[in-house]
Each structure stands twice: as C-alpha cells, then as structure tokens.
Amino acid sequence: MVRPMCGICGVVQERPVELTRAIADQLRTQRHRGPDAEGWFEGGRGIIAQNRLAIIDLVSGDPPMTNENGTIGAVLNGELYNFRAIRGLLQRDGHTLSSSGDTEVLAHLAEGAQAGDIARSVDGMFAFAIWDTVRERLILCRDRVGKKPLYYWRGGGSLVFASEIKGVLAHPSVPRELNPRAIAAYLNFGYVPTPETFFNGIYSLPPGHVLTYEPGGEPSIERYWRLHVPGTEGAPARLDIGMDEAAMEIRRLLTAAIHRRLVSDVPLGAFLSGGIDSSAIVALMAETTGAPVKTFTIGFDDRDGYDERPFARMVADRFHTEHHEAVARPQMVELVDRLVDHHDQPFGDSSAVPTFLVNKLARDHVTVALSGDGGDELFAGYERFMGALAVDATRRVPGLTGAPARRWLNALPSSGLRGRVGKAQRFAETVGQDLPLAYLGWVGYISEPWRQRLLLAPDDWARDLYCSQWQSTRGARPLDRVLALNFETYLVDDLLVKADRMSMAHGLEVRSPFLDTELVEFAVRLKPTLKARGLSLKRVLKRAVSDVLPPEVLDRPKRGFGVPLDRWFREDLASYTTAMLGQPARVRRHVSGNTLDAMLAEHASGRVMHGQALWTLLTLELFLRKHDW
C-alpha cells in the first residue's frame with residue numbers, strides 16, 4: 001500500500017467559526033501525505049492539524065501532540081534529528097512526555113521559549129506549527145535549508161497555512177487567483193522564487209525563518225539561520241586548514257550525518273546514480289548497516305548519454321547492495337499532469353520525471369531513502385561554477401570581455417577544456433553582463449532573448465531579486481558567492497521542491513546527509529581552492545572518500561539527472577508537443593503566440609534545440625488549463 005508522508009495545516013482567525021469543518025477539508029486534500037493517522041488540536045481562535053506517516057514511534061506518536069496540561073499543541077512534517085537530546089533536557093527540567101517521538105518536544109519547548117529560540121534549538125528537516133491556546137500565539141517554522149515546505153495566506157482576519165498550496169486553497173476564505181508576476185519569473189527560473197508563488201496572496205515561508213501570529217495582528221517573520229559566507233558581515237573567519245585536515249573532517253561529519261539519518265522504525269535504502277555524492281552515501285551506509293543496502297537507479301534507453309545505470313551497477317557490485325533499476329521512456333512524459341498536480345504549480349525541471357520514477361521504484365521496497373542532494377552545492381560540483389570563475393577571470397583582463405572573450409572561446413577546438421568548450425561558449429555569450437546575470441544566463445530554463453520575446457510586457461522583478469541576493473554576499477570570494485547564490489535559489493526552489501514533492505507522491509521519506517547543518521556550516525568556511533581549482537571540481541570531497549570509491553567514480557565528469565527532451569520533443573513526442581502548445585493553448589493568453597510558433601518550428605527543424613524551453617511551457621500550459629486561466 002502507498003503510504004505518503006506527513007502534512008500539516010491549520011487556521012487562526014479572529015472569529016472561531018466552523019474551524020473543524022475547514023480543517024477537515026484541508027486534511028482531505030493532503031491525505032496522500034500521511035494516511036497512518038490524522039488529527040487536530042483546537043482551542044480558542046485557532047486549530048492545527050496533521051496527516052501522519054509513521055516513521056518513528058509507531059505506537060504512541062499520533063497527532064495531535066500537546067504539553068502536560070493540553071494548552072499547547074504541535075504538529076510536525078519531517079524529522080527532528082536531535083529530539084532525543086532535547087527530550088532528555090526537558091525531562092531533567094521536570095517535563096513529563098507521553099510519547100517517544102519527536103513532535104511532542106515542540107509543545108514542551110513552547111511553554112517557556114520564544115519562537116526564534118525554539119527554531120534554533122532543533123535540528124533536522126522540518127516544517128512545524130505550534131498553537132498556544134493561552135497566549136493565542138501561532139508559531140510556524142521551516143528548517144534551515146528548506147527541505148520541507150510551508151505555505152500560508154493572510155486575509156479577512158485569518159491566517160491559513162499548509163504543507164501544500166492545495167491545502168491552503170482548501171480553506172473557503174482563500175481566493176484562487178493567478179499571481180500576475182509569476183509567469184515572467186517562471187520563464188527565467190523554471191519556478192517562482194520564494195516567497196512568491198503562482199497564486200496571488202499565497203506565500204512560501206522562506207527556509208531558516210519562523211513566523212509568529214496572533215489573531216487580529218500581522219504576521220511577524222524572523223530569520224533564525226543564514227548561510228554565513230566568509231568575508232561578509234558577521235560571518236565566522238575562514239578555516240585555515242589544508243586539504244588533508246579538511247577531508248578528514250568532512251569524512252567524519254558526513255559519516256555522523258548518515259548515522260543520524262538511519263534512525264527509523266521502517267525499512268531504509270538509498271538512491272544511487274553512480275556519481276560521487278550518491279556513491280559516497282552508499283559506501284558509508286554499507287560500513288554502518290549490518291544488511292546489504294537497498295539501492296535504486298533510473299536509466300534511459302541511451303542514445304543521448306543520459307543513462308547512468310552502468311555506473312550505478314559498478315558501485316552496487318562493489319558494495320554488494322540489493323540493487324533495483326527501472327527505465328524512463330518517452331511515453332512517461334505524460335506523467336506531467338501528475339507532476340503539476342503534486343507541485344501545485346508549473347515546474348520547469350524535467351528531471352522531475354525520472355525523480356518521480358525512482359521514488360516510485362524505491363517505495364516498493366523501503367519507506368525511507370537517503371540521497372546525495374546538496375553535495376554539488378556544498379563542494380562545487382557543477383561545471384557552471386567553473387564557468388562562473390572563468391567568466392570572472394576574463395572580466396579582469398583588459399580587452400577580454402564581450403566579443404573578444406567570445407572570439408577567444410570560439411577559437412578553441414572541440415576537444416579543448418576537456419570537451420567542455422560548448423558549455424564555455426554558451427557562458428561566454430553573457431560575459432559582458434554582471435556575474436549574477438551571466439550565471440543566470442547559464443542556468444536559466446529559457447534564454448533571456450527568447451524570454452523577452454515571449455513576454456507580453458517586460459517584467460524583471462525576479463532577476464532584480466536574484467541580483468540583490470548576489471549583493472548580499474559582497475566582500476566574499478567569487479566561488480563562495482556563486483555557491484551561496486545557488487544554495488539560496490536553485491537548491492531551495494528547484495532541487496528540494498522536486499525531492500519533497502516526488503517522494504511524497506509515493507509515500508517515501510527522503511533524507512539528505514550532505515545538507516546536515518554541521519556539515520553545511522563547516523563546508524562554507526573552507527578555502528575555495530579546496531573545492532575547485534582550474535578544471536578540477538569537488539576536490540576536497542573526492543579526497544574525503546578516495547579510500548572507498550574507485551577512480552572510475554571519482555574521475556568521471558559530472559552528469560545531471562537529465563532527460564533527453566530535445567530528441568523526445570522532436571521525434572517520439574513531436575505531435576504531442578504541437579497539440580499541447582499549438583492553437584488554442586491557454587499559454588498563448590499569457591505569452592506571444594508568434595514567438596511560441598517560431599520556437600516550435602525551430603525545434604522541429606533541428607536548427608536549434610528548445611527541448612527545455614518547450615518542457616517549461618508545457619507544464620505551464622497544463623497548470624493554466626487546470627485552473628482555467
């Protein structure tokens with residue numbers, strides 16, 4: 001039986017009318033997240049509720065959880081990895097706890113601590129809500145890096161929240177309106193940057209933030225954690241250590257992070273691509289667990305270089321895992337309807353398809369899976385980081401900007417830069433721009449010239465936000481700044497959203513050891529050259545696991561979890577694409593139809609490949625149809 005994971009929801013309003021009826025609708029929309037139990041805690045003008053998937057404390061951990069006298073209730077989506085230590089401290093202070101799970105500690109902490117102090121005291125992947133019926137105080141909190149989602153709406157004397165946007169919309173007070181700023185941002189990023197969403201008035205609580213609300217007032221939002229980048233105001237000093245010492249500490253911290261994430265009363269496994277990150281997780285799990293690690297891989301019938309199954313099999317054989325595989329085929333793009341439904345918004349990252357499938361595969365065997373998410377973000381694993389440094393270097397050379405830089409890169413042979421000339425040439429097109437916009441030109445889902453042609457009216461608010469996030473790390477080294485920008489944008493609004501939604505679709509809890517707080521805070525303080533130098537990426541992580549991973553894994557180029565969209569949309573799915581995006585597509589009400597026709601024609605002819613752009617527009621089309629916009 002499919003058993004999706006936890007979801008939380010609730011409402012606080014000036015007049016306590018029909019609270020339970022509204023909460024029942026919210027719970028029903030999120031039941032796919034947790035069918036093991038559901039319940040709510042009501043008092044005064046507020047109510048909080050939870051759908052629960054049992055991972056820890058299968059007997060006594062059902063919601064709601066309260067303090068001793070029942071005046072404070074708490075609901076939690078995710079896991080608190082340090083709850084046992086907090087539980088011990090609470091018991092020494094005289095608290096009596098009725099369960100052995102993690103949610104209950106939140107209700108007891110709220111008896112005497114302020115919202116920010118509660119947030120700082122817990123560690124894990126979480127979004128939680130606490131309702132204090134005496135103080136009439138609601139606390140909403142999201143984990144440090146954004147592994148778990150939390151959305152809210154404020155209006156008409158009410159504050160409504162839920163793990164998913166559909167849970168917010170289930171409340172009768174919440175209007176269903178298109179955010180007029182969303183499409184311009186989405187065409188750039190493939191998502192709408194936090195805190196905005198596609199729905200007018202519905203916001204995502206940013207990672208590392210806690211919200212406090214009392215009926216009749218306005219929400220107060222406090223940032224309780226940030227990524228402190230060396231060289232910026234208030235940041236700790238850079239660590240003055242060399243490669244060997246840094247590698248040893250990373251190995252220790254990563255091993256400890258994996259151990260913390262092996263706490264479960266249900267079966268565990270791991271995703272395995274054969275890349276460094278997932279292979280390192282599997283290798284260190286194999287050292288810890290007594291039984292073979294269950295591993296899961298998705299591949300493709302390979303004509304395009306996307307299939308990673310041979311590399312995953314090599315690692316699986318080395319560590320004697322119980323290995324499982326499946327294959328993604330073009331017809332599976334029809335999953336896009338389900339993907340949009342699970343995301344509640346358009347989602348431009350086409351790797352959601354294989355991610356959906358590998359989560360489905362894993363859920364047939366385990367309830368919890370460890371992933372390698374975060375390794376590239378911490379240790380500079382993407383080639384675009386190298387490209388950013390190259391562009392920054394060329395900008396410092398007099399005369400080597402704009403056209404000269406492009407001519408210099410275009411003159412290189414295709415075998416130069418270890419076969420990466422094409423990517424360097426793409427980046428060079430943006431050399432004349434400021435570095436954050438140049439980087440965005442590299443990672444954007446639709447190129448800026450095409451985006452401008454598609455838009456019915458210019459709107460650069462999201463690009464301006466992106467540049468302001470870049471400016472927040474002024475004073476830091478270029479690589480540190482690019483890593484921080486990626487950490488607070490792409491990781492938050494793309495990778496972690498994808499991981500959460502696609503795992504929830506199948507009732508699988510995914511845990512990310514690389515995003516352990518202690519490991520993150522150590523890695524950000526390392527010298528940039530320990531992470532990347534020249535064409536060498538992830539240097540210190542490779543050193544940290546060099547004794548357990550073979551050279552074939554350590555030395556292989558980075559491959560994204562990609563999909564052969566260019567070929568699929570030109571061959572297998574050509575008629576499907578035309579039918580969805582041709583007349584009378586809803587998307588043509590919001591973007592230039594002539595420009596869309598030109599893009600479709602170019603792609604069909606093979607002159608220019610627009611696979612990623614077409615996927616971005618396809619998911620937008622399905623979303624607009626769903627809401628009749």
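Seen against the Cα atoms of the chain and their longest principal axis, helix 19-29 is set at about 40 degrees. Annotation: per residue accessible area for segment 93-141 equals 30 Å², rounded to a whole number [probe 1.4 Å, protein chains only]. Pairs of Cα atoms in segment 172-227 fall into 10 Å distance bins, from 0 up to the last occupied one, in shares of 21, 39, 34, 6 percent. Please compute, over every Cα-Cα pair in segment 265-326, the percentage with a separation greater than 14 angstrom. Summing the P(r) of segment 265-326 above 14 Å gives 51 percent of all pairs.
Give me the percent of accessible area attributable to carbon and sulfur for the chain, probe 1.4 angstrom.
On the way: 11610 of 23460 Å².
Answer for the chain is 49 percent, counting heavy atoms of protein chains only.
Think of the chain as having a plus end and a minus end, set by charges on the Cβ of Lys, Arg, Asp and Glu; of Tyr382, Leu253, Gln114, Tyr382 sits farthest toward the positive end of this dipole.
Using only C-alpha atoms and all pairs of different ones, pull out the Kirkwood radius for segment 106-215 in Å with one decimal. Kindly include the intermediate steps, with their values, before the conclusion.
On the way: mean 1/r = 0.0672 Å⁻¹.
Every distinct Cα pair counted, the radius reaches 14.9 Å.
Principal axis extents of the C-alpha atoms in segment 216-318 (largest first, rounded to whole Å): 52, 50, 38. Seen against the Cα atoms of the chain and their longest principal axis, helix 383-395 is set at about 60 degrees.
Relative to the dominant Cα principal axis of the chain, helix 461-471 is inclined by about 90°. Across the options Trp40, Ser536, Ala312, the greatest Cα extent toward the positive end of the charge dipole of the chain (unit charges at beta carbon of Lys, Arg, Asp, Glu) belongs to Ser536. Note on segment 533-624: Kirkwood radius taken over Cα pairs, Stokes-Einstein applied at 4 °C and 1.567 mPa s, translational D equal to 81 µm² s⁻¹. Of Tyr203, Thr289, Thr473, whose Cα points farthest to the positive end of the dipole of the chain (charges on the beta-carbon: +1 Lys, Arg; -1 Asp, Glu; origin at the Cα centre)? Of the listed residues, the answer is Thr473.
What is the ratio of the Cα radius of gyration of segment 282-381 to 2.2 N^0.38 Å, where N is its residue count, to two decimals? Numbers along the way, then the final one.
Values: Rg = 15.0 Å, N = 100, 2.2 N^0.38 = 12.7 Å.
So segment 282-381 has a normalised radius of gyration of 1.18.
Pairs of lysines in the chain whose Cα atoms sit within less than 23 Å of one another amount to 26, provided the residues are eight or more positions apart or on different chains. Rounded to the nearest 20 debye, the dipole size of segment 66-194 about its Cα centre is 420 debye, using +1 on the Cβ of Lys and Arg and -1 on the Cβ of Asp and Glu. Counting Cα-Cα pairs of the chain in 10 Å increments starting at 0 gives whole-percent bin shares of 3, 16, 26, 28, 19, 7, 1, 0.
What translational diffusion coefficient, in µm²/s and rounded to a whole number, does the Stokes-Einstein relation yield for segment 81-130 at 4 °C and a viscosity of 1.567 mPa s, taking the hydrodynamic radius as the Kirkwood radius over Cα pairs?
Working: Rh = 11.1 Å.
Estimated via Stokes-Einstein, D reaches 117 µm²/s.
For the chain, the Cβ-based charge dipole about the Cα centre amounts to some 1600 debye (Lys, Arg positive; Asp, Glu negative; other atoms uncharged).
With charges set only on the Cβ (+1 for Lys and Arg, -1 for Asp and Glu), what does the dipole of segment 435-582 come to about its Cα centre, in debye to the nearest 20?
Computed about the Cα centre, the dipole is about 680 debye.
P(r) tail, segment 466-624: Cα-Cα pairs separated by more than 18 Å, 73% of all pairs.
Along its principal axes, segment 42-185 has C-alpha extents of 53, 32, 29 angstrom, given from the largest down. Bridges between two residues of the chain, per DSSP, are antiparallel at a rate of about 75%.
The values are calculated or read from the model by the stated rules, or taken from the named source; none is laboratory data. From a predicted model like this one, the values you see are computed outputs, not experimental measurements. Note that each Cβ is placed from the backbone with ideal geometry, even for glycine, and that neighbours are counted across all protein chains shown. Each accessible area value is taken on the protein alone, full model and side chains, heavy atoms only, with ligands, DNA and RNA left out. Shrake-Rupley method; radii C 1.70, N 1.55, O 1.52, S 1.80 Å.
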